[in-house]
Amino acid sequence: MLTPNLTVNAEGHLCIGGADTAALAKAHGTPLYVMDETMIRENCRGYQRVIAEEYGGNGLICFASKALSCKELYRIVDSEQLGADVISGGELYTALQAGMPAAKIVMHGNSKSDEELKMALETGVGRIVCDNLPELERLNRIAGALGKTPAIMLRIKPGIDAHTHDFVKTGCIDSKFGFALETGEALDAVRAASAYPNLKLVGIHCHIGSQIFDTEPFAEAARVMVRFMAQIRAALGLTLPELNLGGGPGIKYTEDDDPPAFGSIVRAILAALKAACSELDFPQPFVLFEPGRSIVGGAGLTLYTVMAKKIIPDIRTYVLVDGGMCDNPRYALYHSRYEAVLANKAGDERSERVTVGGKCCESGDLIGEDMPLQPAEPGDILAVLATGVYNYSMASNYNRNPRAEMVMVKDGAARTVVRRESYEDICRNDI
Ligand code: LLP
């Protein structure tokens, strides 16, 4: 099985975290997001352990909310002593509603509105990561009006090419995020930020991309960032105390994927960071990481009901399900690959190859093509694996499909953590 939390029971049903997924589909309906709390907690602890062992605990892991934002997730990561990275007023609101301490929240965004900046200031988020010069000017003005001096970081493009999909690659010069290092733009931004009376520059941030399998780009980013901190010290006499290295470790989506464990990536990053600090005689900064995918991705799956099977001779076989790009847009966006299993026939061989089609009125609404699957019939339950990340958080109401329910599994029992939307919910704001 793709992840160790997946098993097949005596009835041949797929189980996650000890819960029978065919039974879950029956009890809660489909489409259904199923998350495994135990695995989420283990992943949080895995990150904490590495920071403790390799860096004396001198850091903070901030769960990247964009990966999966709902109140229960914030409660879980908060109880594991993690903070959160938020990218919008909506994520910030959800985190605070769930009781996440504002001081452990990092506010991101390359186009924050005045309202979002005000909200971050009034609620007292721990750090605001600033992306561009007009934002610095606005934040300084709004902070002054509120009598605040927020701790800020600057988002830097370290010029690292991480081998991943173009849409999720963010650290190169041709990116909409942050200040470029190689043009001198970043140093000018540090100079500007440190001159504002109402802003307290505490550090710099970078994020080189997502779903990355190589360790070296991460380690290189750490070195580049420490070198830049030393350059800031030399040029401006400013020793910044914090460094945020973003997220990005990749996960196993298919049997062919073989990513390094996130623990070994973080170990390599911290080793590179410590070596660079000692080489440049720079004090080891407080370090922040913002993992999303590697905490929740493998901990989730999505269940659908098979509605029909359409065999197009010599071309392909479609298995049509009751969800699609409205609950998982990743194939439509990135041609991302997934493994699928018939939850009620998981013990059987996956002897067919099929295209899984969604219910949206669009030919590109697919969950995957050329996927091995057990022979499907209407009424079967299809499980798509490793959908714990960037699925619910990127879901839409396309075709006015209500967003799916999410359940959290623990010790074999499931509880609803996000209710299924109703048609009434969908029309709530219509006038
Ligand atoms: N920090 C920052 C500033 C980020 O931009 C991101 C992701 C993360 C942390 C978390 O990265 P992770 O550990 O999850 O790789 N929707 C795309 C992924 C977009 C990622 C955007 N930023 C997908 O479905 O693959």
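The values are calculated or read from the model by the stated rules, or taken from the named source; none is laboratory data. All of these numbers come straight from a predicted model, not from anything done at the bench. Backbone-built Cβ (ideal geometry, glycine too); neighbour counts: all protein chains shown. Accessible surface areas use protein heavy atoms only, side chains included; no ligands, DNA or RNA. Shrake-Rupley method; radii C 1.70, N 1.55, O 1.52, S 1.80 Å.
Here's a check for you: in the stretch 81-97, which residue that is open to solvent by 20 Å² or more (accessible area, probe 1.4 Å) and at negative phi is farthest from the ligand (Cβ to nearest atom)? This residue is Q97. Within the stretch 105-116, at least one residue is acidic (D, E) and either surrounded by fewer than 16 Cβ atoms within 10 Å (Cβ to Cβ) or out of contact with any Ser or Thr (no Cβ under 8 Å at 6 or more places or on another chain) (or both). Within the stretch 52-77, the only residue that satisfies the criterion of being aliphatic (A, V, I, L, M) and surrounded by fewer than 19 Cβ atoms within 10 Å (Cβ to Cβ) is A52. When the stretch 206-220 is filtered for residues that are closer than 11 Å to P260 by Cβ and more than 13 Å from the ligand (Cβ to nearest atom), the ones remaining, listed by number, are D214, T215, E216.
Taking the stretch 161-192 only, how many residues are at pLDDT 85 or above, closer than 19 Å to M107 by Cα and crowded, with 22+ Cβ neighbours inside 10 Å?
So in the stretch 161-192, the residues at pLDDT 85 or above come out as 176-192.
Adding the requirement that they be closer than 19 Å to M107 by Cα leaves 176-179, 189-190.
Now narrow it down to the ones that are crowded, with 22+ Cβ neighbours inside 10 Å: 178-179, 189-190.
Qualifying residue count for the region: 4.
Within the stretch 344-364, the only residue that satisfies the criterion of being over 18 Å from R316 (Cα atoms) and under 26 Å from the mean Cα position of the chain (by Cα) is C360. From the list L301, L240, the one residue that fits, being within 21 Å of G159 (Cβ to Cβ), open to solvent by less than 30 Å² (accessible area, probe 1.4 Å) and modelled with pLDDT of 95 or more, is L240. One residue stands out in the stretch 294-309 among those that are of a type in the set (G, A, S) and assigned to a helix (DSSP H, G or I): the one that is nearest to the ligand (Cβ to nearest atom), namely S294.
Per-residue answers, yes or no, for (1) open to solvent by 30 Å² or more (accessible area, probe 1.4 Å); (2) within 16 Å of the ligand (Cβ to nearest atom):
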residue	(1), (2)
G357	no, no
E362	yes, no
G379	yes, no
Y392	yes, yes
G412	yes, no
Y423	yes, no
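Any residue at all in the stretch 69-78 that is within 15 Å of the ligand (Cβ to nearest atom) and part of a helix (DSSP H, G or I)? Looking through the stretch 69-78, at least one residue is within 15 Å of the ligand (Cβ to nearest atom) and part of a helix (DSSP H, G or I).
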